[in-house]
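Throughout, read-outs are computed from the coordinates displayed, never taken from laboratory work. Computed from a predicted structure; not experimentally measured. In this analysis, Cβ positions are derived from the backbone assuming ideal geometry, glycine residues included, and neighbour counts consider all displayed protein chains.
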Amino acid sequence: NLWFDYGQFCLRSGMVDKAEECFREELSLYTSLDTLLALAGVLLNQSKTPKGNKYLLDQAEVFIHSALRLEEEQESHPLAWAMLALLYAKTKGQDGDECQNCIFKATREKRAIKMGMATLEVDGMTQLVFQLLDLSLPQVALDALAVCETIPEVDRLLCLVQIHYLLGEHAEALTVLAQVAELCEHDDARPHVLEGKIHAK
């Protein structure tokens with residue numbers, strides 16, 4: 001997974017085009033769900049730039065469907081359905097039957113995922129938001145957050161803080177963080193960690 005790891009590093013360093021090259025190189029050697037969905041996320045991100053076009057969305061759909069076919073051979077994973085819901089929300093509307101069907105499949109079960117030192121039970125739509133933030137794709141994460149209706153309010157606001165932070169909108173991030181402070185449990189360290197990151201930046 002060397003190319004996949006390097007692709008993640010490139011994304012977190014803001015080198016999106018280089019990350020796309022890495023993920024394509026990884027797929028030429030080995031097909032995995034993570035790489036297919038990461039590449040689809042990159043293409044969705046690039047479709048939002050001035051150079052974006054429908055061809056990028058069509059490519060992203062091909063990779064997502066490849067991930068779904070891969071699921072049939074392995075254990076089913078709601079993350080691919082969540083990514084397809086995000087694509088359909090963009091191309092056919094969030095209220096369309098295609099999007100709603102994918103949302104249903106992405107949210108019908110929850111899975112345990114590792115988030116730092118904690119383990120959380122989340123559905124596919126919520127996991128997709130976390131995954132896109134982890135890959136430093138804030139614009140696409142914002143779109144996913146708009147589609148995700150099952151994420152708890154505290155987590156939604158914390159994700160919004162991270163999106164503003166990744167976009168360099170530090171004042172906006174602190175404004176949302178003030179709302180989070182009123183909702184979080186007193187022993188929840190996440191707002192304090194985010195506030196420290198923002199002020200350090």
Please compute the modelled spin-label separation between residue 185 and residue 146, points set 7 Å along Cα→Cβ, answer in nm with one decimal.
3.3 nm
In the chain, which helices (entire DSSP H runs) extend 27 Å or more along their own long axis, judged by Cα positions, while averaging at least 0.5 on the Kyte-Doolittle scale?
none
Using 0.36 nm times the number of residues separating residue 167 and residue 153, minus their current alpha carbon distance, what extension gain do you get?
2.9 nm
Which of these, 154, 140, 129, has the largest mean-square fluctuation under a Gaussian network model of the chain (Cα springs below 10 Å)?
154
Checked against the structure, the computed P(r) over Cα pairs in 10 Å bins from 0, in percent among [x] 8, 34, 34, 18, 6, 1; [y] 8, 23, 17, 13, 13, 10, 6, 3, 2, 2, 1, 1, 0; [z] 9, 34, 37, 18, 2 is the one labelled [z]
Report, to one decimal in Å, the Kirkwood hydrodynamic radius for the range 99-201 based on all distinct Cα pairs.
14.2 Å
Where nothing but the Cβ of Lys and Arg (+1) and of Asp and Glu (-1) is charged, how large is the charge dipole of the chain around its Cα centre, in debye to the nearest 20?
460 debye
Under 24 Å from the Cα of residue 197 - lysines, other chains or at least 8 residues apart:
114
Contour minus Cα-Cα span, residue 55 to residue 100, at 0.36 nm per residue, comes to 13.9 nm
Suppose we keep just the alpha-carbon trace of the range 1-91; what are its Rg and Dmax in angstrom?
12.6, 38
Taking the Cα-to-Cβ direction at residue 18 and at residue 31 and moving 7 Å from each Cα, how far apart do the two end points lie in nm?
2.9 nm
Which residues in the range 151-169 have a backbone N closer than 13 Å to a point placed 7 Å from the Cα of residue 201 along the Cα-to-Cβ line?
159-169
Looking only at the range 18-56, which residues have a backbone nitrogen under 12 Å from a spot 7 Å from the Cα of residue 69 in the C-beta direction?
none
Set of lysines with alpha-carbon distance to residue 18 below 25 Å, sequence-local pairs under 8 removed
48, 51, 54, 90, 201
